[in-house]
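We did not get these values from a lab; they are worked out from the coordinates using the rules stated. All of these numbers come straight from a predicted model, not from anything done at the bench. Ideal geometry is used to build each Cβ from the backbone, glycine not excepted, and the neighbour counts take in all protein chains shown.
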Amino acid sequence: MGSRVTRLFRNFNIENRAHREISKTKSKAAPRHSAPIGIPQEDIAEEINKKNDSLLSMLKDVYVESKDPVPQDEALPEVKKVEEETQQRALKHSLPSAPYGFCDITVVPKGKISLVEALTALNNHKLLPKTWTPEKLAEEYSLDPKDAKALTEFFFPFDVIIIPPKTEETKRIDS
């Protein structure tokens with residue numbers, strides 16, 4: 001209902017208002033900046049296109065020689081680190097035929113781990129924590145030892161924790 005009222009006021013007498021705006025006199029454009037009084041325009045164009053021999057001779061004296069900088073010893077460990085990260089390793093575990101594209105991955109960069117490998121490693125660590133220590137996981141999957149330790153410490157994909165309700169009034173689903 002409100003849109004009808006606003007449309008009524010918006011379209012009221014629209015033709016007369018449009019004709020009134022069109023018939024108004026247009027304001028004049030601002031005047032152009034005039035050229036300096038003492039110099040004619042032809043002299044300025046001539047000065048721009050004229051060659052200056054003294055400037056040209058100075059430009060010919062300039063010689064630029066560039067060379068690539070020699071890598072310093074400090075930069076070399078970074079290069080080695082990048083090369084190590086780009087090295088690939090074959091997958092240790094994979095799904096037989098995943099319908100959602102998990103099997104598309106065939107190689108993983110060193111220092112990384114696939115989802116299937118992470119789940120397998122966490123399961124092995126949970127079942128046999130003395131055998132599958134973080135150090136052994138790091139060695140097996142080419143991981144950084146601190147990353148393997150963090151993986152075993154902070155990720156628990158198979159733990160289900162049921163938090164009891166605070167009061168008796170809250171509904172609880174029993175399985």
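Most tightly packed first, judged by the mean number of other beta-carbon atoms within 10 Å of their residues, the peptides 52-61, 139-148 read 139-148, 52-61. Between T120 and K67, the simple spin-label model (points 7 angstrom out along Cα→Cβ) gives 5.2 nm. Length gained on full extension, D43 to L59: 3.3 nm, using 0.36 nm per residue less the C-alpha separation.
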